[in-house]
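Okay, structure first, notes after.
Quick note: the coordinates plus some simple rules give every number you see, no bench work behind them. Not measured: the values here are computed from a predicted model. Methodologically, a virtual Cβ is constructed for each residue, glycine included, from the backbone with ideal geometry; neighbour enumeration extends over all protein chains shown.
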Amino acid sequence: MKKMVWVVMLLTMCVSLGHGEYNGECWIVSSGMTVYRLHANGEGDPTAIENLTNASDVQVNPTNGIVWIAVSASNTVVRYDPAADTFTQTPAIKSPTGISINPTDGAIWIAGLDGVRKVSADGQSILAEVIPPDGPANLDAGRFSVAVIPKDGSCWIADGKGPIARYDAEGNKVATAPPMNEPKGGMSVDYQGNVWVADTQNNALVRLSPDGKELVKLSDIKAPVSPSVNPKDGSVWVASNNNLLLKISSTGATEQTYEVGMAIVAVSYSPAENEIWIADMLGSTFSGEVSKWTANGQRRFAIPVPQPSKVSIGYWEGN
């Protein structure tokens, strides 16, 4: 891994922002090979992380600015410290596809091909493992989703074959939810540990309580993907039908509907600004675009980014 000059269409020299609090930055996976950073106003950082092999996720810890990148083909998760400009790798994780960071202690939960691991903040130690009983031989790549609850360090894990459960910080199952058909569309939690789960193929969006009780079940949200919760009130922003952005209340009422893209694959809501980042695999250029929108459906800006697949903002306010 190394740094490179940003592609010309994104090149805007700007001062790096400090760590320790939310600063509006958004990290983006592009074409599975490069990770870019945009600031809150859409200005691009003049550097990027390149030469990745099938990067599948990026997440930033807002408390210290540490960036974690899942590199599926290399069977590893990379820890990048922008302040020190250093890279380290976690112990081998088979085909990692998803990351969830606990801002309170810096530990991360990683979804891989053969199960889920919790890794220490320095990336050097596996602290807990959740391996499904049917074993690695019967698993499908990328079928897990993870969403850690900073309040107690527990983590929701969705098995793409249907089971959904919450595990404590040591990896012990503490709550089980009614299974869904194929909950592969992503998960997002609020401060209290309630979780929104998307079943993209079955047009279903479900909200669960920390003990696994079904609070809301919507069966008419077409192809929901990438729910991103407002941790303060439990409402959620989610992409639907490839081109729509929906805001749904904690009780399941659709409050806002905006047409904002062509092939939306990732949504990240920023509570600090009450605005939403969107990764669109096509966009107005038909080659990829990242855009930012206000809560009332006004577009702040749209930046050409080749095939963006993930957008991650560094928001954390505590609970």
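Quick one: which residues, 5+ away or cross-chain, put their amide H under 5 Å from the amide H of Arg300? H built at 1.01 Å from N.
It is Lys292, Trp293, Thr294, by chain and number.
Which number do you get for Rg(Cα) / (2.2 N^0.38 Å) in segment 172-234?
Here the answer is 1.04, to two decimals.
Among Ala223, Ala147, Val206, pick out the residue whose Cα is farthest towards the positive end of the charge dipole of segment 92-224, where Lys and Arg carry +1 and Asp and Glu carry -1 on C-beta, about the Cα centre.
With unit charges placed on the Cβ atoms, the residue in question is Ala223.
Please arrange Phe144, Phe301, Phe87 by how many other C-beta atoms lie within 10 Å of their C-beta, fewest to most.
Neighbour counts put them in this order, fewest first: Phe301, Phe87, Phe144.
So how do Lys292, Lys94 line up by other beta-carbon neighbours within 10 Å, fewest first?
Lys94, Lys292
Pairs Lys213/Lys310; Lys118/Lys310; Lys118/Lys173; Lys94/Lys151: which exceed 19 Å Cα-Cα?
Lys213/Lys310; Lys118/Lys310; Lys94/Lys151
Considering the alpha-carbon set of the chain alone, what are its Rg and its Dmax in angstrom?
For the chain, the Cα-based Rg and Dmax read 17.9, 51 Å.
Out of residues 5 or more away from Ser235 or on other chains, whose amide H comes under 5 Å of its own, with H placed 1.01 Å from N in the peptide plane?
Under 5 Å from the amide H of Ser235 lie the amide H atoms of Asn230, Ser250, each far enough along the sequence or on another chain.
Could you give me the ³J(HN,Hα) list for segment 100-113, computed from phi with Karplus coefficients 6.51, -1.76, 1.60 and θ = phi - 60°, whole Hz, x at Gly and Pro?
Those phi angles translate into 9, 9, 9, x, 6, 10, x, 5, 10, 9, 10, 8, x, 5 Hz.
With a 10 Å Cβ neighbour count serving as the proxy for reagent exposure, in which order, fewest first, do Arg79, Arg117, Arg299 appear?
The most exposed by this proxy come first: Arg299, Arg79, Arg117.
P(r) for segment 34-128, please, calculated from all Cα pair distances in 5 Å bins and given in %.
Cα pair-distance distribution for segment 34-128, in percent: 3, 14, 26, 26, 18, 9, 3, 1.
Sorted by average packing, counted as other Cβ atoms within 10 angstrom per residue and highest first, what order do 105-115, 46-56 take?
Output ranking for 105-115, 46-56: 105-115, 46-56.
Please report the relative contact order for the chain, taking Cα pairs under 8 Å with a sequence separation of at least 6, and give it as a percent rounded to a whole number.
Relative contact order comes out at 12 percent.
What is the packing order of peptides 264-273, 218-227, taking the mean over residues of other C-beta atoms within 10 Å and listing the highest first?
With the highest mean Cβ count within 10 Å placed first, the list reads 264-273, 218-227.
Using amide H atoms built 1.01 Å from N in the peptide plane, name the residues 5+ places from Ala107, or on other chains, whose amide H lies under 5 Å from its own.
Residues meeting the criterion, in which the H sits 1.01 Å from N, are Asn102, Ala121.
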